[in-house]
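The values are calculated or read from the model by the stated rules, or taken from the named source; none is laboratory data. The structure presented is a predicted model; accordingly, all values stated were derived computationally and were not measured. Here the Cβ positions follow ideal geometry from the backbone for every residue, glycine too, while neighbour counts run over all protein chains shown. Please note that ligands, DNA and RNA were not included when accessible areas were found on the heavy atoms of the full protein model with its side chains. Shrake-Rupley method; radii C 1.70, N 1.55, O 1.52, S 1.80 Å.
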Amino acid sequence: MLPAGLQAVDWDRDIDADILVADASGQTLGYLENLRHIEFRWRPLDKPFEPLRGAASMSVFEGDGNVSWDLLAAGPSGVTSLLTTTPVPGAVQALRSQKIAETPFAGATTLDFDNDSFVDVVAWGAHLRLFRGGPAGQFAPASPTTLVDNAPSDLFACEPADLDGDGDEDLVIAAAEGLFMLENQGGNRHPWIDVVVRGLDESISGRVNHFALGSWVEVKSGSRYQAAVVTRPVTHFGLGPARDKSAADEALSTQHGEKEPAGDGKPAIGPAAPPVEVVRVLFTNGVPQSVIAPAANQVVRESQALKGSCPYLYVWNGERFDFYTDLLWAAPLGLQIADGVILRDRPWEFLKIDGSALRERNGQYELRVTEELWEAGYFDQVELIAVDHPADVAVYSNEKVGPPSLAARKIHTARTPRTPIAARDQRGRDILDLVAKRDERYAQCYDRTFRQGLAEPHFLELDLGSWNAPSSLTLFLTGWIYPTDTSLNVGLSQDPVLEGPRPPSLWVPDGAGGWREAIGFTGFPGGKTKTIAIDLTGVLPANDARLRIMTTAELRWDEVFFTVDETPAEVRETRLDLRSADLRYRGFSRPLPRPTPASPDRYDYEQVDTAPKWAPMRGKFTRYGDVRELLEAWDDRMVVMGAGDEMALVFDAGPPIPAGWRRDFLLHNVGWDKDADIHTVYGQTVEPLPYRAMASYPYASVLESPTTGEDSRPHRAIDEPFAVDPALADYLRRYQTREQPAHLFWRRLRP
């Protein structure tokens, strides 16, 4: 027999959609546990759930406010509710059940009939019945009501919805005689809030379906916590008895307003509501989004924001800590670029920090590395290198994302940078003014995006002018990229129409009026604004100095210049001593307003939300405190950071700067990051830990990107040194002892 009751919901609260299954024969009762990567496992519900067996319909609700899904079942044996508890993600336990009705019913569902903030039950079959809910998730037959007493008999479907817009839930019922509306009269005497959840319409993210079906909404109002799965365009919550109106309530009264009764004597909008402190939506991709003190008729729309990418770097600028860039962009773990194709990591980077951005304080330089996204960061080594050079020379590092051969460590010097004589996009628009200098006015060469990180085919066309057969020619591009994520990559690889983003390539005139590809993969700036260098020596035709950077990735450009026959200038590098490294919890910085729509996000270090933002990852993180010894060498003993963590790094100021010179810096990081995206391999767990000589991640896999597959690291004959190396075992015992407390996220909205 086919199942009669199916409900898609994150049943065990581990950030993926499971499927509850029941059938009226009583043979099936359980759920398909989502193991991710298109795999499910059948898990029968055990003996305490037996009262639900034989259900013709089964649905979830939140009855007692303990942040655990409860169950409502209806069938030949009547209507039964069962309350649960979920002490930790992945472990659901039955608490108690209640036989609400003994007589057979075809189905049952929940609503809040009178907006008292307690879930009620309506059941249908031979007749329609209403059961009133209480604060502990218990139910009792309702007193006679017009809503149900006028209903026809022999019903086979029922759906609650506020059909007349008066703030209480009416019923649509289906019977042999046809469809009927049962109007709820007087159920709006208590206030309410209607939550409308939407995926993005514009610049489609591709991450969430348009109506966000399958997401769930949590509401905290006064002493009440409520939650519901999004199953229809509007999710309705009653808020309970109104309070006496006070000055503090004036702002909140517009949440539902207070209007004179309409002509039929019913209030057009409900009474003054208890304040709704927060509405939180957990979207189907696992991303939470909160709205504080929501306004009236507010749509909660999916935020186009990164959920994972990399740790952030803040630097002391002489007055405060200022956001500078992001780190470890070339070292993702378990990132699928297509279904079953895992990107190879490159765990080292050398990022330039401009000397004007990082200032000395009390004989030292101070950095802050924060983990603010839904991911884990793994830092095995961190070095700050002072780069002193003549004041009339600019220095640049090789900040490309790409294989080691393309991103090899190199310091570029530029004494006489040149600006192209022309810059246009694929529609012929003149963008030279936008890329002539670094001023945070970004050239965006595309107009349309198809998914987050995927834009229409576009190019940046440059004309470098003319010269006499240079012996060296280097192009510098400063910009940033807005990426896809693992889920999007997997989806795009299965899409019959769209393909994943094409990384930038360089094209030159072919001499016949067209263009030919000269460099298949140029590399690209990782994450937020960085500078890459492309060697063009011998690449451009002798009589035509035009070129195009072509891609479908969401790349924006701030500055473009080039050098011709530059003699490398003298530089002096000094590795600065790491005085201290302290790991601690900090929280999440407030985003700053973006100067332009094409600008990357920046963050205010002084404005911090300390409450948990992301669902916890399982596994062991590094304990808080002194972690300096873990950062001094690439030795597989690493600092593992979770969401909300911060490393406070203090380096010695080093030798004085020579007269007539100035100082910039290189930040050398060795490490990895791992997004908690539901399609990232091992994305919800800290382990398995990466290590220097691993051939691939996960260890047993040898899948890699064709464009980033090369790697010069030696490969160990064994898979995991942590199991056999005494020093690493000691590291695990001493440092890897902290877990992210799950209850702080899941119960954040509870009073």
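At 1.4 Å probe size, with the rest of the protein present, what percent of the exposed accessible area of the chain is carbon and sulfur atoms?
Of the solvent-accessible surface of the chain, carbon and sulfur hold 52 percent.
Note down the magnitude of the dipole of the chain about its Cα centre, charges +1 on Lys and Arg C-beta and -1 on Asp and Glu C-beta and zero elsewhere, to the nearest 20 debye.
Using Cβ point charges on Lys, Arg, Asp and Glu, the chain gives about 1220 debye.
Measuring from label point to label point, each 7 Å out along Cα→Cβ, what is the LEU35 to GLU456 span in nm?
4.4 nm
Tell me the label-point distance for the pair TRP42, VAL196, using the 7 Å Cα-to-Cβ offset, in nm and rounded to one decimal.
Output for this residue pair reads 4.3 nm.
May I ask which of LYS410/LYS528; LYS400/LYS437; LYS220/LYS613; LYS410/LYS620; LYS613/LYS674 have a Cα-Cα span longer than 27 Å here?
Numbers: LYS410/LYS528 20 Å; LYS400/LYS437 20 Å; LYS220/LYS613 16 Å; LYS410/LYS620 36 Å; LYS613/LYS674 17 Å.
Long pairs (Cα-Cα over 27 Å): LYS410/LYS620.
In debye to the nearest 20, how big a dipole does segment 602-700 give about its Cα centre with +1 on each Lys and Arg Cβ and -1 on each Asp and Glu Cβ?
160 debye
May I ask for the equivalent-ellipsoid semi-axes of the chain, computed as the square root of five times each C-alpha gyration tensor eigenvalue and listed largest first in whole Å?
One finds semi-axes of 55, 28, 26 Å for the chain.
Under 5 Å between amide H atoms, partner at least 5 residues away or on a different chain: which partners does ALA101 have, H built in plane at 1.01 Å?
VAL79
Label segment 357-401 by shape, choosing from rounded, prolate and oblate, from the square roots a ≥ b ≥ c of the eigenvalues of the Cα gyration tensor; if a/c is under 1.5 it is rounded, and otherwise prolate applies when a/b is larger than b/c, oblate when it is not.
Verdict is oblate for segment 357-401.
With θ set to phi - 60° and the Karplus curve 6.51 cos²θ - 1.76 cosθ + 1.60, what are the ³J(HN,Hα) couplings of segment 323-331 in order, to the nearest whole Hz, using x for Gly and Pro?
4, 10, 6, 10, 10, 6, 6, 9, 10
So what is the calculated 222 nm ellipticity per residue for the chain, using -39500 (n - 2.57) for each DSSP H run with n of 4 or more, over all residues, to the nearest 500 deg cm²/dmol? Walk me through the numbers on the way to the answer.
Details: 6 runs with 35 residues, N = 751.
The per-residue figure over the chain is -1000 deg cm²/dmol.
Find the accessible area per residue for the chain; the probe is 1.4 Å, ligands and nucleic acids are left out, and the unit is Å². Could the numbers behind the result be given before it?
On the way: 30280 Å² over 751 residues.
Per residue, the chain has an accessible area of 40 Å².
Pulled fully out, how much extra length does the chain show between ARG516 and ALA91, if you take 0.36 nm times their separation in residues and subtract their Cα-Cα distance?
Gain on extension, ARG516 to ALA91, equals 147.2 nm.
I need the calculated FRET efficiency for the pair TRP634 and ARG579, taking r as the beta carbon distance and R₀ as 25 Å, to the nearest 0.05.
0.80
At a Förster distance of 60 Å, what's the computed FRET efficiency of ASP626 paired with GLU177, Cβ-Cβ distance as r, to 0.05?
After rounding, the FRET efficiency stands at 0.20.
How large is the dipole of segment 379-534 about the Cα centre if only Lys and Arg carry +1 and Asp and Glu carry -1, each at its Cβ, rounded to the nearest 20 debye?
In debye, rounded to 20, segment 379-534 gives about 180.
So if we plug the beta-carbon distance of SER223 and LEU6 into 1/(1 + (r/R0)^6) with R0 = 51 Å, what FRET efficiency do we get, rounded to 0.05?
0.90
Grab the Cα-Cα distance for ASP433 and PHE156, subtract it from 0.36 nm times how many residues apart they are, and report the gain in nm with one decimal.
Taking ASP433 through PHE156 to full extension adds about 93.0 nm, to one decimal.
Label-point separation (nm) for VAL234 and ARG320, each offset 7 Å from Cα along Cα-to-Cβ?
Output for this residue pair reads 4.3 nm.
Report the extension gain between SER466 and SER25 in nm, rounded to one decimal, defined as 0.36 nm multiplied by the number of residues separating them, less their alpha carbon distance.
Numbers: separation 441, 0.36 × 441 = 158.76 nm, distance 8.23 nm.
Length difference between fully extended and current span is 150.5 nm.
Along each principal axis of its Cα atoms, how long is segment 438-572 end to end? Whole angstroms, biggest number first, please.
Projected onto the principal axes, the Cα atoms of segment 438-572 cover 48, 45, 24 Å.
If amide H atoms are built 1.01 Å from N in the plane of the peptide, which residues on other chains or at least 5 residues away come under 5 Å of the amide H of GLY500?
Correct list: empty.
Among DSSP beta bridges lying fully in the chain, give the percent that are antiparallel, nearest 5.
Of the beta bridges lying entirely in the chain, close to 95 percent run antiparallel.
Provide the packing ranking of 180-190, 166-176, 105-115, i.e. peptides ordered by the mean count of other C-beta atoms within 10 Å per residue, highest first.
105-115, 166-176, 180-190
Within segment 427-448, find all residues whose amide N lies under 13 Å from a label point positioned 7 Å from the Cα of VAL539 along Cα-to-beta-carbon.
Hits in segment 427-448 for VAL539 at 13 Å: none.
Given H placed on each backbone N at 1.01 Å, which residues far from GLY30 in sequence or on other chains put an amide H within less than 5 Å of it?
Counting only residues 5 or more places away or on other chains, the set is VAL21, LEU45.
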